[in-house]
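Below is one structure; the comments refer to it alone.
The values are calculated or read from the model by the stated rules, or taken from the named source; none is laboratory data. Nothing here was measured: the structure is a model prediction, and the numbers come from that model. A quick note on method: Cβ atoms are made from the backbone with ideal geometry, for glycine too, and the neighbour counts reach across all protein chains shown. With ligands, DNA and RNA removed, areas are computed over all heavy atoms of the protein, side chains included. Shrake-Rupley method; radii C 1.70, N 1.55, O 1.52, S 1.80 Å.
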Amino acid sequence: MKKRSAKSVLKIEILSLFPGMFIGPLSESLLAKAQEKNLIQFAIHNLRDFTKDRHRKVDDRQFGGGSGMLIKVEPIYNALKKLGRVLSKKKSRPWVVYMSPQGKKLDQSMAIELSRKKNLVLICGHYEGIDERAMKWIDQEISVGDVVLTGGEIPAMVLADAVCRLVPGVVKEWSSIQNDSFFDGQLDCSHYTRPPEFMGMKVPPVLLSGNHKEVEAWRRRSAEENTRAKRPDLLSKNLYTEISKEVLAS
């Protein structure tokens with residue numbers, strides 16, 4: 001897999017029924033700075049703009065009966081056609097992600113892989129979901145956890161944030177990315193800052209020693225201890241993928 005160029009721009013386009021929800025999260029903190037540096041470009045599209053009736057109707061009742069509405073296939077098709085996904089055989093066509101409780105659960109390895117794409121399209125689901133026929137143009141279905149939310153906007157924000165911070169230049173120090181929880185299949189180590197003692201609780205002496213080799217060894221042990229205590233399930237999983245290894249090496 002090719003390494004993303006530091007000068008390349010990741011474009012993320014979001015299809016949503018409530019585009020106003022993204023104004024705050026995408027205009028603050030690191031994501032705002034990344035856009036100013038032209039490392040990331042966001043485009044938020046209202047799915048209703050891709051309807052053809054005067055009421056801009058995007059949902060309808062399910063065939064076969066039952067409670068709840070479905071997002072219709074036509075507006076999704078129209079949107080993806082305009083964004084270059086439908087009928088396109090080009091390698092540069094956007095990678096389409098549908099945010100859904102039925103998708104594969106988001107993890108760090110998945111975020112790393114998505115950060116290598118040039119153009120992502122995130123579809124925010126609503127109601128009982130989308131017409132199954134629209135899955136024909138979706139490349140990946142992703143969930144942020146075994147829970148159902150009011151819509152796919154918040155999961156799309158979570159995914160965008162997780163992916164964008166992995167783009168070179170977004171986070172100032174790349175070493176902080178490498179030390180993240182889950183990056184190498186386990187949790188991060190414990191961290192301390194000033195004061196060195198608070199209410200009788202002292203910072204581990206090794207962190208004050210100035211011996212970088214011993215500090216690094218302590219951090220590795222601390223990361224393993226945190227993983228065993230808080231997320232022992234990670235120890236039986238192989239989350240340290242080839243993608244993670246490649247990023248570490250580079």
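Within the chain, antiparallel bridges make up roughly 15 percent of the DSSP beta bridges whose residues both belong there.
The GluC sites (Glu not before Pro) of region 12-45 that meet both conditions, a loop assignment by DSSP and at most 15 other Cβ atoms within 10 Å of the site Cβ, are Glu28. Residues in region 112-122 carry Karplus couplings, in order, of 4, 4, 5, 5, 8, 6, 8, 8, 10, 10, 9 Hz; the curve used is 6.51 cos²θ - 1.76 cosθ + 1.60 with θ = phi - 60°, and Gly or Pro positions show x.
Using θ = phi - 60° and the Karplus form 6.51 cos²θ - 1.76 cosθ + 1.60, what ³J(HN,Hα) does each residue of region 33-45 get, whole Hz, x for Gly and Pro? Along region 33-45, the couplings run 5, 5, 6, 5, 7, 6, 8, 9, 10, 10, 9, 9, 10 Hz.
Please identify every one of the trypsin sites (Lys or Arg not before Pro) in region 146-235 that sits in a loop by DSSP and has no more than 11 other beta carbons within 10 Å of its own beta carbon.
Lys172
Just the number, please: carbon plus sulfur as a percent of the accessible area of the chain, 1.4 Å probe, no ligands or DNA/RNA counted.
That fraction is 52 percent.
Residues considered: Thr193, Thr51, Thr227. Largest GNM mean-square fluctuation over the chain, using C-alpha springs under 10 Å, is found at Thr193. For the cross-link pairs Lys37/Lys104; Lys172/Lys213; Lys57/Lys91; Lys202/Lys230; Lys72/Lys117; Lys57/Lys82, the ones whose C-alpha atoms lie over 29 Å apart are Lys37/Lys104; Lys57/Lys91. When Rg and Dmax of the Cα atoms in Å is computed from the coordinates, the matching label among (1) 17.5, 60; (2) 17.7, 57; (3) 21.4, 70 is (3).
The largest accessible area among Met199, Met21, Met69, Met99 belongs to the first residue in Met199, Met21, Met69, Met99, and the rest follow in falling order (1.4 Å probe, all chains). How many percent of the alpha carbon pairs in region 48-138 exceed a separation of 19 Å? Result: 46 percent of Cα pairs exceed 19 Å.
With K and R counted +1 and D and E -1, the other residues having a Cβ less than 12 Å from that of Asp188 yield a net charge of 0. Summarising the amide proton neighbourhood of Val96: residues at separation of 5 or more, or on other chains, whose placed amide H is nearer than 5 Å comprise Val121, Asp139, Gln140. The protection proxy used here, the mean number of other Cβ atoms lying within 10 Å of each residue, ranks peptides 145-151, 204-210 as follows, highest first: 204-210, 145-151.
When you filter the trypsin sites (Lys or Arg not before Pro) in region 51-89 for DSSP loop state and at most 15 other Cβ atoms inside 10 Å of their Cβ, you are left with Lys52, Arg54, Arg56, Lys57, Lys89.
The calculated FRET efficiency for Glu28 paired with Asn78, based on their beta-carbon distance and R0 = 22 Å, is about 0.10.
Taking a probe of 1.4 Å, how large is the accessible area per residue of the chain, in Å²?
61
The modelled label-to-label distance for the pair Lys105/Lys37, using points 7 Å beyond Cα in the direction of Cβ, is 3.2 nm. Asp60 sits among other residues whose Cβ lies under 15 Å from its own Cβ, and their net charge, with Lys and Arg +1 and Asp and Glu -1, is +1. If you take all other residues with their beta carbon under 10 Å from the beta carbon of Lys72, and give Lys and Arg +1 and Asp and Glu -1, the sum is -2. The spacing between region 182-232 and region 48-90, judged by their C-alpha centroids, is 50 Å. Between Lys118 and Met135, the simple label model (points 7 Å from Cα in the Cβ direction) yields a spacing of 2.9 nm. Here's how it looks for Ile44: its modeled amide H is under 5 Å from those of Ile14, which are all 5 or more places away or on a different chain.
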